[in-house]
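The structure appears right after this line, and notes come after that.
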Amino acid sequence: GAMRHLPYFCRGEVVKGFGRGSKELGIPTANFSEQVVESFPPDISTGIYYGWACVGNGDVHKMVLSIGWNPFYKNIKKSVETHIIHTFKEDFYGEILSIVITGYIRPEKNFDSLDELISAIQEDIEEAKRQLDLPEHLKLKEDNFFHLPESKTVNNH
Ligand code: ADP
Ligand code: MG
């Protein structure tokens with residue numbers, strides 16, 4: 001369920017999440033709409049993944065992604081949330097987020113404390129950064145998927 005769909009390419013609008021305070025923890029997660037989540041393979045495992053992400057036609061950055069159970073729908077629907085490993089000047093709700101998921105880190109876990117949750121996420125981020133520097137993952141950063149059609153009309157400058 002986790003690896004056989006990878007690499008997985010996905011593009012969609014960033015919507016308002018359920019305000020679980022990710023940003024307050026220093027790890028904002030850009031949520032995809034329910035419609036985009038529904039387009040994921042139904043048997044893809046919940047858990048923590050990593051890959052590459054780009055907002056609009058901006059730069060491609062490393063990311064960690066969680067596929068989890070959506071509390072809004074009494075945990076019968078999934079949610080897909082991307083934390084981009086980059087500091088943005090502004091929020092980007094309503095923009096198009098393009099991602100490629102290239103690897104899997106671990107299943108979903110419950111934590112006894114906020115501190116444990118935060119340190120687990122920080123470890124996930126470090127693991128993602130290391131893995132994404134390896135050639136098999138690095139090569140997807142340059143994938144044509146990240147070059148939106150509009151950019152083809154721009155001159156070579
Ligand atoms: P929500 O519950 O609305 O998803 P979050 O606290 O998870 O709120 O914050 C997510 C929002 O923060 C994103 O939709 C995006 O607009 C903004 N954001 C800013 N920096 C990042 C980042 N590095 N990665 C993901 N989202 C970011
Ligand atoms: Mg979020």
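For the reader, a short list of remarks on this structure follows.
- In a residue-by-residue description of region 41-64, the property of being within 10 Å of ligand 1 (Cβ to nearest atom), β-branched (Val, Ile, Thr) and open to solvent by 20 Å² or more (accessible area, probe 1.4 Å) applies to at least one position.
- Evaluation of residue 124 against (1) more than 12 Å from the chain's Cα centre (by Cα); (2) more than 21 Å from residue 40 (Cβ to Cβ); (3) surrounded by 14 or more Cβ atoms within 10 Å (Cβ to Cβ) (one fails), failing number: (2)
- Matching option when the condition is in contact (Cβ under 8 Å) with a residue 24 or more places away in the chain, acidic (Asp, Glu) and away from ligand 2 (no atom under 16 Å from the Cβ), among 112, 124, 43: 43
- Comparison of 51, 26, 12, 19 shows that the only residue that is within 16 Å of ligand 2 (Cβ to nearest atom) and in contact with a strand residue (DSSP E or B) (Cβ under 6 Å, 6 or more places away or on another chain) is 12.
- Qualifying positions in region 67-86 - surrounded by fewer than 21 Cβ atoms within 10 Å (Cβ to Cβ), within 18 Å of the chain's Cα centre (by Cα) and among the polar types (S, T, N, Q): 70
The values are calculated or read from the model by the stated rules, or taken from the named source; none is laboratory data. This structure is a prediction, so every number in the text was calculated from the model and none was measured. All Cβ positions, glycine included, derive from the backbone under ideal geometry; neighbour counts span all protein chains shown. Remember, those area values only see protein heavy atoms, side chains included, never the ligands or the DNA or RNA. Shrake-Rupley method; radii C 1.70, N 1.55, O 1.52, S 1.80 Å.
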